[in-house]
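The values are calculated or read from the model by the stated rules, or taken from the named source; none is laboratory data. Note that the structure is a prediction, hence the values are computed from the model and not measured. When we count neighbours, we look across all protein chains shown, and the Cβ atoms used for this are built from the backbone with ideal geometry, even at glycine.
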Amino acid sequence: MGKGSGYGKVILFGEHFVVHGLPGIVSAIDSTTDAEVKKGVKGLQIKDERKTAKGYSEEKRLQQIESIERMLKAMNLDAKTPLDIWIGGSLPGFSGLGASAASSVAIARAISEELSLNLSNEKINAIAYEAEKAYAGNPSGIDNTAATYGGLMWFKKNPAGGQDVVEKIHIRKPIEIVIGSTGKVANTKAMVEGVADRKKKNPAKYDPLFKQAENLAVAGRKALESGDLKKVGDLMNENHRILQEIGVSSKELDQLVDIACKQGSFGAKLTGGGGGGCMVALTPGKEVQGKVVGAFKGAGYEYLMTRIGVTTY
Ligand code: PMV
């Protein structure tokens with residue numbers, strides 16, 4: 001049997017904009033999707049035992065099958081290779097946490113082990129990128145990169161299809177965060193396409209917003225590296241406002257962001273594709289983290305307490 005894992009992630013700056021070649025900042029979190037793969041006898045058998053938001057597995061089922069077929073092709077294997085695949089791990093199947101990329105990396109690693117392919121991380125990352133196309137249409141590559149390598153990183157897609165810019169960001173110590181889940185499953189592909197359509201139809205509105213998003217990522221990196229967490233939080237709030245303007249937030253996401261800010265979070269924003277899914281609140285120190293968690297619980301939302309800058313790269 002082959003085994004593999006992939007990290008979940010939160011995007012601190014630049015989701016959606018990264019698809020268009022602007023920079024983003026992403027951190028892996030210390031929750032993983034794990035996979036086990038055995039050579040099968042009849043087609044693709046998938047046992048998905050992840051804890052998920054209601055309807056997540058059903059909604060993603062066809063995309064999941066397509067993603068595995070894409071991976072097999074990228075490995076030069078027959079897309080109908082019979083495999084028994086188990087998926088589990090500590091990363092919940094909530095939209096926005098890179099769960100699809102984490103599962104693709106985990107499955108690719110497990111297939112590599114089971115079939116003795118001995119694939120490098122670079123190859124696993126490229127295979128997971130192919131898989132992401134099934135879920136995201138035109139993915140930036142930020143999710144699979146974080147899922148493969150872990151760590152806190154600056155990411156800029158190469159729109160020409162060549163090497164992306166991936167740089168490690170150093171911070172003094174890990175920072176506590178709270179991830180709030182709306183409980184709503186989101187379709188990343190539809191969200192990404194919606195932004196691209198609206199941008200094309202209304203460049204007068206969207207071009208300046210894209211420029212602002214780029215400036216925020218640059219400023220966010222500086223603030224993280226200099227340890228100015230108040231500034232990081234302010235910039236995250238600003239990023240959330242821009243995401244609202246490009247039409248990817250939702251009532252629940254805005255409510256979670258509001259709650260977090262009222263409880264003393266340094267800053268909060270939706271994370272990932274939006275339209276449901278998750279948000280992230282920057283909550284340095286256990287006290288603020290605990291207060292935000294308490295308020296999320298009180299309002300009936302699920303959450304994940306974790307830290308950024310923990311996993312290595
Ligand atoms: O919602 P998630 O976890 O799939 O994140 C999507 C991030 C986007 O920037 C919206 C898309 C991408 O490929 O970068």
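Considering Lys54, Lys47, the condition of being farther than 18 Å from Ala186 by Cα and in the same structural domain as Ala128 (by TED's automatic domain parsing) is satisfied by Lys47 alone. Taking residues in segment 75-87 that are more than 23 Å from Ala99 (Cβ to Cβ), and partners anywhere that are surrounded by fewer than 12 Cβ atoms within 10 Å (Cβ to Cβ) and among the aromatic types (Phe, Trp, Tyr), not one pair has Cβ atoms closer than 7 Å while being at least 6 places apart or on different chains. Suppose the filter is within 23 Å of Trp154 (Cα to Cα) and in contact with a Cys (Cβ under 6 Å, 6 or more places away or on another chain); does Thr271 pass it? In short, yes.
Taking (1) buried (at least 16 other Cβ atoms within 10 Å of the Cβ); (2) out of contact with any Pro (no Cβ under 7 Å at 6 or more places or on another chain) in turn, Asn138 satisfies each apart from (1).
On the stretch given as segment 24-51, residues that are in contact (Cβ under 8 Å) with a residue 60 or more places away in the chain and closer than 18 Å to Leu91 by Cα total 11. When every residue of segment 267-275 is checked against the conditions, at least one turns out to be polar (S, T, N, Q) and either free of Cβ contacts under 8 Å to residues at least 24 places away in the same chain or surrounded by 24 or more Cβ atoms within 10 Å (Cβ to Cβ) (or both). Scanning segment 73-106 for residues that are in a helix (DSSP H, G or I) and under 29 Å from Val280 (Cβ atoms), we see that the one that is farthest from the ligand (Cβ to nearest atom) is Ala106. Restricted to segment 111-195, the set of strands (runs of 3 or more DSSP E) holding at least 2 residues that are under 25 Å from Ser265 (Cα atoms) comprises 152-156, 175-181. Might you check whether a residue that is in a strand (DSSP E or B), more than 12 Å from the ligand (Cβ to nearest atom) and closer than 20 Å to Ser116 by Cα occurs anywhere in segment 16-34? Looking for residues that are in a strand (DSSP E or B), more than 12 Å from the ligand (Cβ to nearest atom) and closer than 20 Å to Ser116 by Cα, one finds at least one in segment 16-34, hence yes. Among the residues of segment 82-135, the one identified as surrounded by fewer than 20 Cβ atoms within 10 Å (Cβ to Cβ), farther than 18 Å from Glu15 by Cα and among the basic types (Lys, Arg) is Lys123. The residue that is nearest to the ligand (Cβ to nearest atom), among those in segment 255-311 that are charged (D, E, K, R) and closer than 16 Å to Leu235 by Cα, is Lys269. The single condition among (1) away from the ligand (no atom under 16 Å from the Cβ); (2) farther than 24 Å from Glu176 by Cα that Ser5 does not satisfy is (2).
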